[in-house]
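The block underneath contains the structure these notes are about, expressed in structure tokens.
None of the figures in this text is laboratory data; all of them are computed from the coordinates on show. Quick caveat, the model's predicted, so the values are computed rather than measured. Note that we place each Cβ from the backbone using ideal geometry, even for glycine, and neighbour counts take in every protein chain shown.
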Amino acid sequence: EADIYQTPRYLVIGTGKKITLECSQTMGHDKMYWYQQDPGMELHLIHYSYGVNSTEKGDLSSESTVSRIRTEHFPLTLESARPSHTSQYLCASSKQVAGVGYGYTFGSGTRLTVV
Amino acid sequence: GEDVEQSLFLSVREGDSSVINCTYTDSSSTYLYWYKQEPGAGLQLLTYIFSNMDMKQDQRLTVLLNKKDKHLSLRIADTQTGDSAIYFCAESPSSGNTPLVFGKGTRLSVIA
């Protein structure tokens with residue numbers, strides 16, 4: 001079944017460590033997105049990509065990087081984790097033409113705790 | 001820029017109807033969406049409506065769109081405890097190839 005997968009599901013890591021959150025989708029979607037979600041629910045767009053070798057910054061991108069070497073894979077890297085990075089991270093994907101009614105397909109999320 | 005506003009909380013009794021409201025700013029939005037997020041999960045697309053429609057019904061869900069007032073609502077008939085979740089409204093900006101703009105979410109609590 002086509003889907004979008006995020007690993008790990010939960011991660012506890014020490015301050016200053018470098019971490020990579022993985023996101024893969026099997027739907028052949030060109031567009032992929034990373035969101036950080038507050039405990040208070042609000043979604044913040046971190047990065048997005050329209051296709052291979054294309055990445056754009058969202059509203060909250062300054063402390064992380066992404067890469068898009070393959071269509072199906074869109075990892076998010078924090079170079080130096082801080083307690084302020086403690087949050088839920090959601091990956092999503094969509095078809096090439098935005099706003100055609102398909103919407104986004106979201107992964108289950110990675111819950112990150114930085115101690 | 002575009003903005004989407006929702007009330008943060010709604011509490012209803014089991015069996016009653018729930019109405020979740022949303023306002024948006026981009027009058028040229030092409031599609032508007034409703035997503036549901038259950039605890040510990042990602043967002044799930046519930047339904048969407050094209051901007052040239054006034055209403056869309058899908059089983060217990062009814063979406064109403066008032067383009068003049070830029071107001072979108074989601075009505076859940078016969079609300080069940082399993083409907084307890086966070087509901088996000090989102091618009092597809094008319095500016096073309098840009099990400100969806102999400103509201104901050106409405107937490108629906110269903111009281112048995």
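Under a crude label model (7 Å from the Cα following the beta-carbon direction), how far is residue B:71 from residue B:59 in nanometres?
2.8 nm
Based only on Cα atoms, what mean projected area does the convex hull of chain B have, in nm²? Display every interim value, and only then the final one.
Numbers: hull surface 26.9 nm².
Result: 6.7 nm².
Which lysines, on any chain, are close to residue B:67 with Cα under 29 Å apart, when same-chain ones fewer than 8 places away are left out?
A:31, A:95, B:36, B:56, B:104
Within the set of other residues whose C-beta is less than 15 Å from the C-beta of residue B:55, count the net charge using Lys and Arg as +1 and Asp and Glu as -1.
Every neighbour counted, the sum reads +2.
Take the Cα pairs of chain A, get the Kirkwood Rh, then feed it into Stokes-Einstein at 20 °C and 1.002 mPa s and tell me D in µm²/s.
152 µm²/s
So what's the gap between the Cα centers of the stretch B:1-21 and the stretch B:25-63, to the nearest angstrom?
13 Å
If R₀ is 22 angstrom, what is the calculated FRET efficiency for the pair residue B:97 and residue A:86, using the beta carbon separation as r and rounding to 0.05?
On the way: r = 32 Å, r/R0 = 1.46.
The value I calculate is 0.10.
Tell me the net charge near residue A:66. Cut-off is 10 Å between Cβ atoms, residue A:66 excluded, with +1 for each Lys or Arg and -1 for each Asp or Glu.
+1
So, counting K/R as plus one and D/E as minus one, what does the shell of residues with Cβ under 13 Å around residue A:42 add up to?
On the way: positive: B:104, B:107; negative: A:38, A:59, B:3, B:5.
Once positives and negatives cancel, what remains is -2.
Taking 2.2 N^0.38 Å as the expected size of a compact globular protein, what ratio does the Cα radius of gyration of the protein assembly as shown give against it, to two decimals?
1.02
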